[in-house]
Amino acid sequence: MRFADIIGQEELKRHLVQSVDAGRISHAQLFTGASGYGSLALAVAYVQYLCCRHRHDGDSCGECPDCRQIEALAHPDLHLVFPVNKQGKKSGEAMLSDEFLPLFRTLFAERGGYFSPQEWYDRLDLGKTLKGMISAREADEIIRKLSFKSFEADYKTMLVWLPETMNEEASNKILKILEEPWDRTLFILVSEQPDRLLPTILSRTQEVAVPRIAAEVLESEAHRRGVSDPVQARNMARLSGGDLLELGHLVAGESDALQQEHFALFCSLMRLSYNDKHLELIGWAEEVAQLSREQQRAFLRNAARLLRESFMLHAGIPQIGYLWGEELAFCTKFAPFVGTQNIEPLIAEIERAGMQIAQNGNPTIVFTHFALTVSKMIKHL
């Protein structure tokens, strides 16, 4: 994985290259950002650049043995840890990343390093409710592996994808090695939700914030993927929110049915709210609770988008909006209910619900509270 393979993120790539060239290599780094921004791919490209013996022009060579092995996630000095689980696991049985490494390598190669946690869990066939985790036994393995000398590269690298899935025992076990690692040891944590990490882990790492991909970059990518209409490409780039994975869904039409379902749920929530149909809102919450957690989070993201678009219509600036068809028709009628008095509390409530779902909160309880709280905020302004 070379930096040239990463979509966009030019400024961050230059920063990472300059830090390595100047010898400013923090022993514990925390890459933060959604999978669709390229956080995992960037982390692997960074390790490859660091270990490449023939790097030039701000990138790894891609041809030397180190580059080829790291690109295949098969370098003896690159250790990978990621959340795992399986259906029918016995009580007390601990799953380790190494058991699933071939599957992880296959998915990484197929998707070029861009895939979501849910796509990984789907590959593990975990179903709707089971999620992956990083166990305390995995933390013991991290310490054991890093105690060995490096085989070929100058650095031993431990790359942990989604460290927020570690339980507290696992997190505490790696604290000492994060603070006082062995010589030439590099820890790279790649997190989508750093707020779920222990403060003691955050304080021991240097953050590398991976931002959204620029809209113009995604617009070009949409054209490259076969979208010929410039208006459609621009709208897709805007709707994807800087996320390459979401752009891929939009281009492939995979989001159409799901987005229509989310739009119907949003309309239902708002109609029930401004009509004070509290019993029906409880039924609405039970319906949303039947979705998978990833779908619930996607619904909340879409609801936030529609609320922001409605607010812009209310504020009289529709020219910067990206609505059409049924969404435009509904939000135009709904706009009088969203203004400066309630837009921030509504978005805050969506973010709170999203965090609770990400932390495995009971979805029926979360969405019942969410729906009833939202109903109090929806008033004709």
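The values are calculated or read from the model by the stated rules, or taken from the named source; none is laboratory data. Values in this document were obtained by computation on a predicted structure and should not be read as measured data. Note that we place each Cβ from the backbone using ideal geometry, even for glycine, and neighbour counts take in every protein chain shown.
Between S19, S39, S26, the distinction of being within 16 Å of the chain's Cα centre (by Cα) and either among the hydroxyl-bearing types (S, T, Y) or at pLDDT 95 or above (or both) belongs to S39 only.
Taking (1) assigned to a helix (DSSP H, G or I); (2) surrounded by fewer than 12 Cβ atoms within 10 Å (Cβ to Cβ) in turn, E219 satisfies each apart from (2). Here is a check on your reading of the model: is S273 hydroxyl-bearing (S, T, Y), at pLDDT 80 or above, over 24 Å from Q9 (Cβ atoms) and crowded, with 18+ Cβ neighbours inside 10 Å? Here the answer is yes, as S273 does meet what is asked.
The residue that is farthest from Y37 (Cα to Cα), among those in region 235-264 that are without any contact (Cβ under 8 Å) to a residue 40 or more places away in the chain and surrounded by fewer than 18 Cβ atoms within 10 Å (Cβ to Cβ), is A264.
Answer yes or no: is there a residue in region 63-85 that is more than 20 Å from F100 (Cα to Cα), surrounded by fewer than 19 Cβ atoms within 10 Å (Cβ to Cβ) and either in contact with a Ser or Thr (Cβ under 9 Å, 6 or more places away or on another chain) or acidic (D, E) (or both). So far as region 63-85 goes, yes, one or more of its residues are more than 20 Å from F100 (Cα to Cα), surrounded by fewer than 19 Cβ atoms within 10 Å (Cβ to Cβ) and either in contact with a Ser or Thr (Cβ under 9 Å, 6 or more places away or on another chain) or acidic (D, E) (or both). For region 27-48, the criterion of being assigned by TED's automatic domain parsing to the domain that holds S203, in a loop (DSSP other than H, G, I, E, B) and not small (G, A, S) is satisfied by at least one residue. The set of residues in region 284-298 being modelled with pLDDT of 90 or more and within 22 Å of F334 (Cα to Cα) consists of W284, A285, V288.
Does V190 satisfy the condition of being in the same structural domain as H75 (by TED's automatic domain parsing) and within 23 Å of R14 (Cα to Cα)? Yes. Name the single residue that is surrounded by the fewest Cβ atoms within 10 Å (Cβ to Cβ) among those in region 222-234 being part of a helix (DSSP H, G or I) and of a type outside the set (D, E, K, R). Looking at residues that are part of a helix (DSSP H, G or I) and of a type outside the set (D, E, K, R), I get V231. Name the residue that is modelled with the highest pLDDT, counting only residues in region 105-150 that are under 21 Å from F187 (Cα atoms), assigned to a helix (DSSP H, G or I) and not charged (D, E, K, R). Among residues in region 105-150 that are under 21 Å from F187 (Cα atoms), assigned to a helix (DSSP H, G or I) and not charged (D, E, K, R), the one modelled with the highest pLDDT is F108.
If you go through region 94-134 and keep only what is of a type in the set (A, V, I, L, M, F, W, C) and buried (at least 19 other Cβ atoms within 10 Å of the Cβ), you end up with M95, F100, F104, F108, F115, W120, L124, I134. Per the listing R225, R212, the residue uniquely under 21 Å from F115 (Cβ atoms), touching a Gly at 6+ places or on another chain (Cβ under 9 Å) and without any contact (Cβ under 8 Å) to a residue 40 or more places away in the chain is R225.
Does S273 satisfy being part of a helix (DSSP H, G or I) and farther than 29 Å from Y114 by Cβ? First the steps, then the outcome.
Values: part of a helix (DSSP H, G or I): yes; farther than 29 Å from Y114 by Cβ: yes.
Judged against the criteria, S273 is a match.
Could you list all residues from region 161-196 that are touching a residue at least 40 places away in the same chain (Cβ under 8 Å), outside any helix (DSSP H, G or I), within 26 Å of N360 (Cα to Cα) and of a type outside the set (D, E, K, R)? Matches in region 161-196: W161, L162, I188, L189, V190, S191, Q193. Checking W182, W161 one by one, the residue that is surrounded by fewer than 17 Cβ atoms within 10 Å (Cβ to Cβ) and either within 19 Å of the chain's Cα centre (by Cα) or at pLDDT below 90 (or both) is W182 and no other. Within region 35-60, the residues that satisfy the criterion of being out of contact with any helix residue (DSSP H, G or I) (no Cβ under 8 Å at 6 or more places or on another chain) and among the small types (G, A, S) are S39, A43.
Looking at A28, A45, A4, A22, just one residue is out of contact with any strand residue (DSSP E or B) (no Cβ under 6 Å at 6 or more places or on another chain), of a type in the set (G, A, S) and in contact (Cβ under 8 Å) with a residue 12 or more places away in the chain, and that residue is A45.
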